[in-house]
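Q: This structure is in structure tokens; I'll ask about it shortly.
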């Protein structure tokens, strides 16, 4: 069986180094906001070519605290893609803000820059883009719209560690970039973890204060904050994994190249652009008979996933929040299937997946 993901095997190459780092943390005895968190923040900021990084407890918290740092008034509208994972929209709602859904480009699955300006209204204060599946959004026209209307720009980089747009890393175009280190990400922790990058020292200080009960000095609380501190053990593991992120991304691109070379035209493959470096957190294809394809592949020893089966506007939790029809999002969610593309897979594994798919 070719599993969709096997985290034990995927992390195996780094575990000897990681266990040594984790043991050092345990023996040192400082488990909250210790030297590994500080070091990881510095190293991840350097890797992202960003001046500042703040480690937080999860990708959701990275989004939520990024929005908090923008100091938007309650009821302000935030433009967000209609096909994102629900966490992006929930982070908006938890800040007493209003999500305005905009359809994606059917070729890239990222928010369509041409549709953003039409969605800007008198209450619009920010745009939250999502670099879905490991491909950067087309940031030049998006930044132009944001500048024209004086909006804040937040980047959801949960799936885009190391992705580039015109040579510039994901997360460095906006006011803040929010990252998730959920275990399946290219830079995945051993549990929940996240980070915020920014070019603003003031916003970095705000996020750092908010993550620690609103306190920048022990027992003195200047803001109504939360408990969202990057765990010292997770930071130690992420420091190890970060040193290998380049090779992880290159491996995924090699696997993606096999898919691009071997898959028949029956499947709608991800778009490619020489000005973008994709990191393929997810390799998705689309097919009109998606569910039948998945059953066929499973019967032929290949597990797949769907990212995501239900669009946000169809979720029960958002039934009274989001109005309107989103046909492009509907089509993507009804036809997309995610194929194996992990560091636990070899090129021969991917050839086997392609052979099975081409027999469908």
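The values are calculated or read from the model by the stated rules, or taken from the named source; none is laboratory data. Here the structure is a predicted model, which is why all the values come from computation and not from measurement. Reconstructed Cβ throughout: ideal geometry from the backbone, glycine too, with neighbour counts over all protein chains shown.
Q: So residue 42 fits all but one of (1) surrounded by fewer than 24 Cβ atoms within 10 Å (Cβ to Cβ); (2) under 24 Å from residue 313 (Cα atoms); what number is the exception?
A: So residue 42 meets the others, but not (2).
Q: Also, I was wondering about something else. Which ones in the stretch 289-307 are assigned to a loop (DSSP other than H, G, I, E, B) and touching a helix residue (DSSP H, G or I) at 6+ places or on another chain (Cβ under 6 Å)? Outline the logic, then answer.
A: Kept after step one, since they are assigned to a loop (DSSP other than H, G, I, E, B), are these residues of the stretch 289-307: 289, 300-301, 303-304, 306-307.
The answer is 300, 304.
Q: Being farther than 14 Å from residue 237 by Cβ and touching a residue at least 24 places away in the same chain (Cβ under 8 Å) is the requirement here; does residue 176 meet it? Don't jump to the end; show me each part of the working.
A: Details: farther than 14 Å from residue 237 by Cβ: yes; touching a residue at least 24 places away in the same chain (Cβ under 8 Å): yes.
Yes; evaluated as a whole, the condition is true for this residue.
Q: Among the candidates 96, 159, single out the residue that is at pLDDT 95 or above and closer than 21 Å to residue 309 by Cβ.
A: One residue alone meets the criteria, 159.
Q: Just a yes or no: is a residue in the stretch 255-270 touching a strand residue (DSSP E or B) at 6+ places or on another chain (Cβ under 7 Å), part of a loop (DSSP other than H, G, I, E, B) and without any contact (Cβ under 8 Å) to a residue 60 or more places away in the chain?
A: Checked against the condition, which is being touching a strand residue (DSSP E or B) at 6+ places or on another chain (Cβ under 7 Å), part of a loop (DSSP other than H, G, I, E, B) and without any contact (Cβ under 8 Å) to a residue 60 or more places away in the chain, the stretch 255-270 yields at least one hit.
Q: Is there a residue being under 19 Å from residue 330 (Cβ atoms) and in a strand (DSSP E or B) anywhere in the stretch 65-78?
A: no
Q: Here's something else I'd like to know. Out of all the residues in the stretch 60-81, which are closer than 18 Å to residue 160 by Cβ and surrounded by fewer than 24 Cβ atoms within 10 Å (Cβ to Cβ)?
A: Taking the stretch 60-81 first, the residues closer than 18 Å to residue 160 by Cβ are 60-63, 66, 80-81.
Matches in the stretch 60-81: 60 only.
Q: Is it the case, given these coordinates, that residue 54 is closer than 30 Å to residue 232 by Cα, at pLDDT 95 or above, in contact with a helix residue (DSSP H, G or I) (Cβ under 9 Å, 6 or more places away or on another chain) and part of a helix (DSSP H, G or I)?
A: Considered against the rule, which asks whether it is closer than 30 Å to residue 232 by Cα, at pLDDT 95 or above, in contact with a helix residue (DSSP H, G or I) (Cβ under 9 Å, 6 or more places away or on another chain) and part of a helix (DSSP H, G or I), residue 54 comes out as no.
Q: Could you figure out which of (1) within 17 Å of residue 1 (Cβ to Cβ); (2) in contact (Cβ under 8 Å) with a residue 12 or more places away in the chain; (3) in a helix (DSSP H, G or I) isn't true of residue 348?
A: The number of the failed condition is (2).
Q: Considering only the stretch 209-237, how many residues are over 13 Å from residue 57 (Cβ atoms) and surrounded by 20 or more Cβ atoms within 10 Å (Cβ to Cβ)?
A: Adding up the residues that qualify gives 3.
Q: What is the residue count in the stretch 112-139 for residues that are in a helix (DSSP H, G or I) and out of contact with any strand residue (DSSP E or B) (no Cβ under 8 Å at 6 or more places or on another chain)?
A: Within the stretch 112-139, residues that are in a helix (DSSP H, G or I) and out of contact with any strand residue (DSSP E or B) (no Cβ under 8 Å at 6 or more places or on another chain) number 5.
Q: Condition first: under 21 Å from residue 78 (Cα atoms), modelled with pLDDT of 95 or more, part of a loop (DSSP other than H, G, I, E, B) and under 11 Å from the mean Cα position of the chain (by Cα). Can you find one or more residues in the stretch 167-178 that meet it?
A: For the stretch 167-178, residues under 21 Å from residue 78 (Cα atoms), modelled with pLDDT of 95 or more, part of a loop (DSSP other than H, G, I, E, B) and under 11 Å from the mean Cα position of the chain (by Cα): present.
Q: So residue 57 ticks every box in (1) surrounded by fewer than 20 Cβ atoms within 10 Å (Cβ to Cβ); (2) within 24 Å of residue 279 (Cα to Cα) but one. Which box is left unticked?
A: Unmet for residue 57, out of (1) surrounded by fewer than 20 Cβ atoms within 10 Å (Cβ to Cβ); (2) within 24 Å of residue 279 (Cα to Cα): (1).
Q: Within the stretch 129-150, restricting attention to residues that are surrounded by fewer than 22 Cβ atoms within 10 Å (Cβ to Cβ), closer than 19 Å to residue 67 by Cβ and touching a residue at least 12 places away in the same chain (Cβ under 8 Å), which residue is farthest from the chain's Cα centre (by Cα)? Give the derivation first.
A: Of the stretch 129-150, the ones surrounded by fewer than 22 Cβ atoms within 10 Å (Cβ to Cβ) are 138, 140-141, 143-145, 147-150.
Filter again for closer than 19 Å to residue 67 by Cβ, leaving 143, 145, 149-150.
Filter again for touching a residue at least 12 places away in the same chain (Cβ under 8 Å), leaving 143, 145, 149.
On the way: 143: 19, 145: 22, 149: 26 Å.
Here the residue is 149.
Q: Now for a separate question. Is it the case that residue 147 is at pLDDT 95 or above and either assigned to a strand (DSSP E or B) or out of contact with any helix residue (DSSP H, G or I) (no Cβ under 9 Å at 6 or more places or on another chain) (or both)? Walk me through it before giving the result.
A: Details: at pLDDT 95 or above: yes; either assigned to a strand (DSSP E or B) or out of contact with any helix residue (DSSP H, G or I) (no Cβ under 9 Å at 6 or more places or on another chain) (or both): yes.
Taking the combined requirement at face value, the residue satisfies it.
Q: A follow-up question, please. Somewhere in the stretch 286-300, is a residue under 30 Å from residue 93 (Cβ atoms) and touching a residue at least 24 places away in the same chain (Cβ under 8 Å)? It would help to see each step written out before you state the result.
A: So in the stretch 286-300, the residues under 30 Å from residue 93 (Cβ atoms) come out as 286, 290.
Now restrict to residues that are touching a residue at least 24 places away in the same chain (Cβ under 8 Å): 286, 290.
Yes: the stretch 286-300 contains one or more residues that are under 30 Å from residue 93 (Cβ atoms) and touching a residue at least 24 places away in the same chain (Cβ under 8 Å).
Q: Only residues in the stretch 216-228 that are closer than 12 Å to residue 33 by Cβ count as the first member; pair them with residues that are at pLDDT 95 or above, Cβ under 6 angstrom, at least 6 apart or cross-chain, and list the lot.
A: 216/209; 228/56; 228/57; 228/61; 228/211
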